[in-house]
Amino acid sequence: MDGSVQARAATATALVEDSLRGLRGTPKVLSPKWLYDPRGSALFEQITTLPEYYLTRSEAAILSAHADRLAGLVPEGGALVEFGSGASVKTRTLLDAGGHFGAYVPIDISEDFLQQTAQGLRAAYPGMQIAPVVADFSEAVTLPEGLADAPKVGFFPGSTIGNLPPETATALLAHARAWPGAQGFILGVDLVKDRGELVAAYDDSQGVTAQFIGNILQRLNSEAGADFELTQFAYRARWNAAAARIDMELVSTCHQSVALDGETIDFAPGEPIHVSASRKYTRESLSALVAPAGWQLAELLFDEAERFAMAVLSPG
């Protein structure tokens, strides 16, 4: 069995085990990290172009306006290390401004998508080492050999930090703070704002977000042999004011039972599966998130409407 086949088998096993743990509980949950197979990654890239989804446009405007400032955080010959890199579209703004970078390390859980992206980046930036890492970035990540001790800056755009439980987010930042040569961290965060604007961003009129979240059930069917009837689950996005987050759920529309790896999962009508959350921040709540990880909030860079921010973290 070659390495890629072994990796896919290991991923399928982890998908089943993780999903069973989540679906046995009350309330039922599925981890958003399993949304990003090739189809899920492509759907998310489509989401970023939707009119309701202001986050990507706002962040791109900040990156464009402050590209030299942000790229300059990486020392000469140092590495930019990105968590959840996807297609690395926004990152190119920093790579274009970072002619002094020694390396770019994109980290993503979707191996095929990551390798395809890395191939294109090598052609676009022939003078820069492109060193992709296939990993679950919510856990400690082993960086490529030869870069472990290099000066480096973490990069986590897209407000993906808001998809993680606070304790997981702080742990991720702590892992990055523990890197030898850690110089700083650039973090994209969405801000608390009007409820209607927030809900619309996660429940678009074209239904692309619904397809993206529903893709996790399709993936369980195709990779884990489950028998979810996709038409019997409805997508729901709602604002949880107490937790300052959007909750994204798949709601069973009827009594039904689903088979997964020899187990039967029962659903009542109206019972949700919580798939993803997107937390929104204030300056105060963000500072409280990063401080236990050994970082301090050095600067916030806003878009013109102050809907989104890039946070510059420095070692605390």
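Among the residues of the range 270-279, at least one is out of contact with any Gly (no Cβ under 7 Å at 6 or more places or on another chain), free of Cβ contacts under 8 Å to residues at least 40 places away in the same chain and not assigned by TED's automatic domain parsing to the domain that holds PRO166.
For the range 238-258, give me the residue count where each residue is aliphatic (A, V, I, L, M) and closer than 25 Å to SER110 by Cα.
The first filter runs over the range 238-258 and keeps only residues aliphatic (A, V, I, L, M), leaving 241-244, 246, 248, 250-251, 258.
Okay, now just the ones that are also closer than 25 Å to SER110 by Cα, so 246, 248, 250.
Total satisfying the criteria: 3.
Checking the structure you have, find out if any residue of the range 92-112 is over 26 Å from GLU304 (Cβ atoms) and in a helix (DSSP H, G or I). Yes, the range 92-112 contains at least one residue that is over 26 Å from GLU304 (Cβ atoms) and in a helix (DSSP H, G or I).
Specify which of the listed residues (THR231, THR209, THR264) is under 19 Å from the mean Cα position of the chain (by Cα) and polar (S, T, N, Q). Spell out how you get there, then give the answer.
Numbers: THR231 fails: under 19 Å from the mean Cα position of the chain (by Cα); THR264 fails: under 19 Å from the mean Cα position of the chain (by Cα).
Among THR231, THR209, THR264, only THR209 is under 19 Å from the mean Cα position of the chain (by Cα) and polar (S, T, N, Q).
The residues of the range 153-198 that are basic (Lys, Arg) and within 20 Å of the chain's Cα centre (by Cα) amount to a single one, ARG177.
Given the options GLU299, GLU284, GLU304, name the one that is within 30 Å of LEU70 (Cβ to Cβ) and either of a type in the set (Ser, Thr, Tyr) or in a loop (DSSP other than H, G, I, E, B) (or both).
Exactly one residue qualifies, and that residue is GLU304.
Quick one: would you say ALA234 is among the aliphatic types (A, V, I, L, M) and not in a strand (DSSP E or B)? Full working, then the answer.
On the way: among the aliphatic types (A, V, I, L, M): yes; not in a strand (DSSP E or B): no.
Spelling it out, it is not the case that ALA234 is among the aliphatic types (A, V, I, L, M) and not in a strand (DSSP E or B).
If the condition is being in contact with a helix residue (DSSP H, G or I) (Cβ under 6 Å, 6 or more places away or on another chain) and either polar (S, T, N, Q) or surrounded by 20 or more Cβ atoms within 10 Å (Cβ to Cβ) (or both), then the range 110-150 contributes SER110, PHE113, ILE130, PRO132, SER138. In this structure, GLY72 qualifies as among the small types (Gly, Ala, Ser) and farther than 30 Å from VAL208 by Cα.
The values are calculated or read from the model by the stated rules, or taken from the named source; none is laboratory data. None of these values were measured; they are calculated from a predicted model. Cβ sites come from the backbone with ideal geometry, for glycine too, and all protein chains shown count toward neighbours.
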